[in-house]
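The values are calculated or read from the model by the stated rules, or taken from the named source; none is laboratory data. Note that this is a predicted model, so its numbers are computed, not measured. Backbone-built Cβ (ideal geometry, glycine too); neighbour counts: all protein chains shown. Just so you know, the surface numbers come from the protein's heavy atoms only, side chains and all, with ligands and any DNA or RNA stripped out. Shrake-Rupley method; radii C 1.70, N 1.55, O 1.52, S 1.80 Å.
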Amino acid sequence: MVWFKEQLMQSMPKSRSKLTVLCVEDQCHLRQDIIDELSAAGYDAVGAADGREALDVLETVRPHLILCDISMPRLDGYGLLETVRGRHTHLADVPFVFLTALNQRDEIIHGKRAGADDYLVKPIDYDLLLATIEARLRQVSRIDDRQKNELETLRQALAGSGSDRSLGLNGMESVLNVLSFGIVLVSLSGVVFANRAAREIHMARDGLVIDRTLHTGSSQLANDIRKLLANACEAACKGQDHLASLTVQRPSGRRDFLLTVCSLPDSTGLPNDDAKAVIFISDLAHRPRMPDEILAGLFDLTPTESEVARALAQGRRKEDIAQELSIAPTTVAFHLRNLFEKTGTNRQADLIALLLTGLVSIKEPQGDVEKRGKVEALPTT
């Protein structure tokens, strides 16, 4: 045990002492033993006697990993897991490891299907416990590093697309094609570019058709979309920003699509310089969400700037944001200017694209990038 701890301590990043593990266990002696072991291994260990007490702790502490017993009074492990995964979305990336005396296959399957990341059986093997925690935290660290790098690449691409054109049209198109939300560029005459995700939405035939125009099964909704695009294109021609949004119901019964429409006063660097507006299409059931501390830390945003940024990504107008946050429209405009400066963007469309990527919305490239320009590969209706 001593040798294992020494090796583990040597292999841990120097910042590991700052990592917090929440241990939820109703047996006070076992809980204290686990806390002592974690503290000796260099973690900041916090204890809770049951699920309800754990929820109180989570109001003020953001752990890097949660160890949780299953059978507890008041709120058991399954109940805590359901609450954390359902209501505490800012903890979505925190590994959740069950501790239980039940060594049965069905219980393990149940736990994993409920959303647990791992499963340890009592009596606790502390070497295995420490190794499991280390492995899970290293996995999160690798994912965070990769996603931060991807987000930074996109930020630089968006920031540079309007200046030195170093990325080139093919490069910018490649960036747009690896995003998991739909992006459609529109000129005064119609659709001029649709990224891979938008084409997949079109092919699914579940509420949206994207060929020369955007339309739906509802003539009224299709007319509303045309008006939004016309207003955005008109604003772009005047060199003005414009933001609007609407939802599109899906015949399959799945959650609605959210369409966020932005004007493009200057489309330089995009796959088609004739583009006057961009449509972001996201699935309300799987909205990418950047954790608050990453959003603030990556761009050095204030809490209010983070709220303004998130509201913009949801298609809120500046007037609505001012009302929701109980601040003046001029204050919103001030925060927006700060957001442009801190994120390296210069228009609402670029900023929203950056925010919509979240840290989970980059997907692996698939095959060669299709020929840029018109969406001729899309079947017409």
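Some notes on this structure:
- Meets criteria (at pLDDT 90 or above, under 29 Å from the mean Cα position of the chain (by Cα), within 21 Å of Leu120 (Cβ to Cβ) and aliphatic (A, V, I, L, M)) for Ile35: no
- Of the set (1) open to solvent by less than 30 Å² (accessible area, probe 1.4 Å); (2) closer than 24 Å to Asn346 by Cα; (3) not basic (Lys, Arg), all apply to Asp241 but (1).
- If you filter region 172-207 down to residues that are in contact with a Gly (Cβ under 8 Å, 6 or more places away or on another chain) and assigned to a loop (DSSP other than H, G, I, E, B), you find that the one that is nearest to Ala313 (Cα to Cα) is Asn195.
- Residues satisfying the stated conditions in region 72-108, i.e. modelled with pLDDT under 75 and either hydrophobic (A, V, I, L, M, F, W, C) or part of a strand (DSSP E or B) (or both): Ala92, Leu102, Ile108
- All of Lys227, Lys276 fail the test of being basic (Lys, Arg), surrounded by 19 or more Cβ atoms within 10 Å (Cβ to Cβ) and at pLDDT 85 or above, apart from Lys276.
- The one condition in (1) open to solvent by less than 50 Å² (accessible area, probe 1.4 Å); (2) modelled with pLDDT under 90; (3) of a type in the set (Asp, Glu) that Glu25 fails to fulfil: (2)
- Considering residues of region 207-220 that are crowded, with 16+ Cβ neighbours inside 10 Å and over 17 Å from Leu185 (Cβ atoms) only, the residue farthest from the chain's Cα centre (by Cα): Thr216
- Within the span defined as region 214-221, one or more residues are touching a helix residue (DSSP H, G or I) at 6+ places or on another chain (Cβ under 8 Å) and at pLDDT below 85.
- Ala49 meets all of the listed conditions (1) touching a Lys or Arg at 6+ places or on another chain (Cβ under 8 Å); (2) of a type in the set (Gly, Ala, Ser); (3) over 19 Å from Pro123 (Cα atoms) but one, namely (3).
- Of all residues in region 294-313, none are closer than 30 Å to His215 by Cβ and modelled with pLDDT of 85 or more.
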